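Have a look at the structure below before the remarks.
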Amino acid sequence: MEMTHHTFHALGPSGFHRIRYTEWGDPASDHVVVCVHGLTRNCRDFDFLAAALAKKCRVICMDVVGRGQSDWLDTPEAYGYPQYVADAAALLARITAPLPDGGVTGFLKRLARGRRSVTIDWVGTSMGGLIGMLLAARRNHPIRRLVLNDVGPLIPSAALQRICTYVGRDPRFSTYREFEDYIRQVTKPFGPLTDAQWRHLAVHSMRRFEDGSIGLVYDPAIGTAFRNGPLDNVDLWPVWDAVKCETLVLRGAESDLLLPEVARDMQRRGPVARVVEFPGIGHAPALMADDQIGIVRDFLLS
């Protein structure tokens, strides 16, 4: 199934910025799955999952502003969930518009099938899951099913302190081999991956500079919020309790960001989520392994 690239403009504090996303599957499909990545990652993390879903639905994978091929913000302090949620809402408006990326042909195919409404599901890893949760807690949100990949309504300060050790840094490498070794190290908690999968993560995480060195394809300023003082636990339980849609939670058994007691409470309150745990994995499952993909696919397509 072929992937296509698209761009739209969203509004930020200094004006408009471009948001890039990939699209898989039939653009006329009435079942749309939106996938949003983690804090320092990008939309290409979902290539394996998107390819597995594309025969049954349309899959949209967004580069959050400041990451991947999306623009960087002129105001570093604007990197935060209000902007991310606003951009996600703009994306949802775009992909549910009467004339989506399928153009007139896609619209006519919908009419021929007698389908006018669009079903939206959301798959979010870490930061992407929090964006989905914040949207799903709002009145009249369009999300039918929500998948949270290793994130919940309480983020412990210890995990935030760990994130501080790498987010926003701008390391440079002289060779691709050095860069891939770095990616393997910082994403080691993703779990065991094949060499091809590690290479996929590395290739789509890199950019080359004019001097020939290799660095990360994100704006170092995304770490600004992590450097503005002591980091306490982030408590979003009121947000979680407002979520009503059917929810699946994936957890790495060794995760320090989604603690086991938090996952247990997520099964008892709010949307009363189903929780699936993966042994030998930390933060966060890469959603590249067949068993992980199968659980998400079955949940979304059942």
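Points worth noting:
- With semi-axes defined as the square roots of five times the eigenvalues of the C-alpha gyration tensor, the equivalent ellipsoid of the chain measures 28, 24, 20 Å, largest first.
- Inter-site label distance for Ser157 and Ala196 at 7 Å from Cα along Cβ, in nm: 4.6 nm
- Two tests apply to each whole DSSP H helix in the chain, Cα reach of 18 Å or more along its axis and mean Kyte-Doolittle hydropathy of at least -0.5, and the ones passing both are 81-95.
- Cβ-based exposure ranking for Cys57, Cys164, in which fewest neighbours within 10 Å come first: Cys164, Cys57
- Efficiency of FRET from Cβ geometry, Asn228 and Arg139, R₀ 30 Å, rounded to 0.05: 0.45
- Compared with the alpha-carbon gap, the fully stretched path from Asp290 to Ser174 is longer by 38.4 nm at 0.36 nm per residue.
- For the stretch 169-202, trypsin sites (Lys or Arg not before Pro) meeting the loop criterion (DSSP other than H, G, I, E, B) and having at most 15 other Cβ atoms within 10 Å: Arg169, Arg172.
- Extension gain from Ala253 to Asp30, taking 0.36 nm per residue of separation minus the Cα-Cα distance: 76.8 nm
- Inter-site label distance for Ser213 and His9 at 7 Å from Cα along Cβ, in nm: 3.4 nm
- Summarising the strand pairing of the chain, around 45 percent of its internal DSSP beta bridges are antiparallel.
- When you restrict to C-alpha pairs under 8 Å that are six or more residues apart and normalise by the size of the chain, the relative contact order lands at 19 percent.
- Top of Asp235, Asp170, Asp211 by mean-square fluctuation, Gaussian network on the chain, Cα under 10 Å: Asp211
- By other beta-carbon atoms within 10 Å, ranking Val217, Val36, Val276, Val296 with the fewest at the front produces Val276, Val217, Val296, Val36.
- Sequence of Lys244, Lys55 once ranked by neighbouring C-beta atoms within 10 Å, starting from the fewest: Lys55, Lys244
Each value in this text was obtained by applying a stated rule to the coordinates, not by laboratory testing. If you're wondering where the values come from, they're calculated on a predicted model, not measured in any experiment. Positions of Cβ are generated from backbone atoms using ideal geometry, with glycine treated the same way; all protein chains shown enter the neighbour counts.
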